[in-house]
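Colleague: For reference, the structure I am asking about is given below.
The values are calculated or read from the model by the stated rules, or taken from the named source; none is laboratory data. Quick caveat: nothing in here was measured; it's all calculated off a predicted structure. Here the Cβ positions follow ideal geometry from the backbone for every residue, glycine too, while neighbour counts run over all protein chains shown. Side chains are part of the model used for accessible areas, which takes the heavy atoms of the whole protein and leaves out ligands, DNA and RNA. Shrake-Rupley method; radii C 1.70, N 1.55, O 1.52, S 1.80 Å.
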Amino acid sequence: MNFEEVEFFLANIKSVLSCKIITDSNNNITEIHVLSDSSRHSKQIVRDIRTALLSHFNLDIDYKIISVAQVNKNISINSDFRLLYDGYTNENYGEKIKIIAKFTWDEKEFLGEAEGLRSEKNTLMVAALATLNAIKKAIELDCFIVDDIQTAKVSGKDVVLSSITYFDKGREILLIGSSIINNNKIDSTIKATLNAINRKICLFIKE
């Protein structure tokens with residue numbers, strides 16, 4: 001089982017900011033460490049995690065191995081902060097492509113622009129970079145880089161996976177986001193990149 005996929009899934013539960021799964025030598029889950037905001041009681045979060053694991057992954061986990069650390073959102077987190085994706089434009093010229101990704105939050109608009117060679121793989125990297133350039137404007141910090149963009153098939157659906165590195169006080173933290181391909185790969189890459197970092201960037205926006 002791909003536990004990075006499980007971690008990503010759990011990180012999308014309400015109030016959860018990040019999640020780390022520890023396994024033993026037999027690949028059995030022994031610990032689940034969760035960081036959440038303080039908008040909900042930790043027992044509610046544990047119940048949601050157990051329900052999600054059972055219903056989506058058929059994993060029946062003892063609540064005792066789930067630990068939840070909560071941070072005071074009034075001090076360091078605006079859990080209502082979520083950049084909203086508002087489409088993109090692209091322009092091809094010669095062998096290059098330029099992509100502009102548009103996001104909004106609190107009636108403010110943030111545009112991210114990037115360009116590069118127009119190969120199939122690199123076009124998706126450019127889309128992810130345009131997304132990060134918009135994020136940089138929103139949080140006024142440059143702490144994310146694009147590692148890789150991959151496509152995969154999950155439960156019969158074509159999916160874009162976005163791998164982003166977050167730099168935090170000398171540490172490199174890998175963030176993974178995904179998006180089902182409904183319109184096109186550029187659109188899904190932008191959504192997957194935003195999905196990877198949206199919960200992390202709320203740490204930079206104080207209420």
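Colleague: Report the calculated FRET efficiency for MET1 and SER39 (r = Cβ-Cβ distance, R0 = 41 Å), to the nearest 0.05.
Modeller: The formula returns an efficiency of 0.85 here.
Colleague: Here's something else I'd like to know. Given the options ALA127, THR89, GLN70, identify the residue whose Cα lies farthest towards the positive end of the charge dipole of the stretch 23-170 (+1 on Cβ of Lys, Arg; -1 on Cβ of Asp, Glu).
Modeller: GLN70
Colleague: Distance between Cα centroids, the stretch 110-187 to the stretch 1-16: provide it in whole Å.
Modeller: The stretch 110-187 and the stretch 1-16 have Cα centres spaced 18 Å from each other.
Colleague: Probe radius 1.4 Å, ligands and nucleic acids left out: which of ASP48, ASP106 has the largest accessible area, and how do the rest follow?
Modeller: ASP106, ASP48
Colleague: Okay, next question. Taking LYS96 as the anchor, which aspartates and glutamates have their alpha carbon closer than 12 Å to its alpha carbon, excluding any fewer than eight residues away along the same chain?
Modeller: Counting by Cα, and skipping residues close in sequence, LYS96 has these aspartates and glutamates nearby: GLU115, GLU120.
Colleague: Additional query: Just how much of LYS137 is accessible, in Å², when a 1.4 Å probe is used and the result is rounded to the nearest 10?
Modeller: 120
Colleague: Next up: Can you put LYS102, LYS43, LYS121 in order of accessible area, largest first, using a 1.4 Å probe?
Modeller: LYS43, LYS121, LYS102
Colleague: Same structure again: To the nearest 0.05, how large is the calculated FRET efficiency for THR151 and LYS98 if R₀ is 25 Å and r is the Cβ-Cβ distance?
Modeller: Plugging the Cβ-Cβ distance into 1/(1 + (r/R0)^6) gives 0.70.
Colleague: If the limit is 27 Å between Cα atoms, which of LYS64/LYS191; LYS43/LYS108; LYS43/LYS102; LYS14/LYS191; LYS136/LYS191 go over it?
Modeller: Pairs exceeding the cut-off: LYS64/LYS191; LYS43/LYS108; LYS43/LYS102.
Colleague: Something else: PHE110: accessible area at probe 1.4 Å, nearest 10 Å²?
Modeller: Its heavy atoms expose roughly 30 Å² to the probe.
Colleague: Could you pull the accessible area for LEU54 with a 1.4 Å probe, rounded to 10 Å²?
Modeller: Here the residue's solvent-accessible area equals roughly 90 Å².
Colleague: Quick check of the Kirkwood formula: for the chain, what is the inverse mean of 1/r over all pairs of different Cα atoms, in Å?
Modeller: Evaluated over the chain, this radius sits at 18.0 Å.
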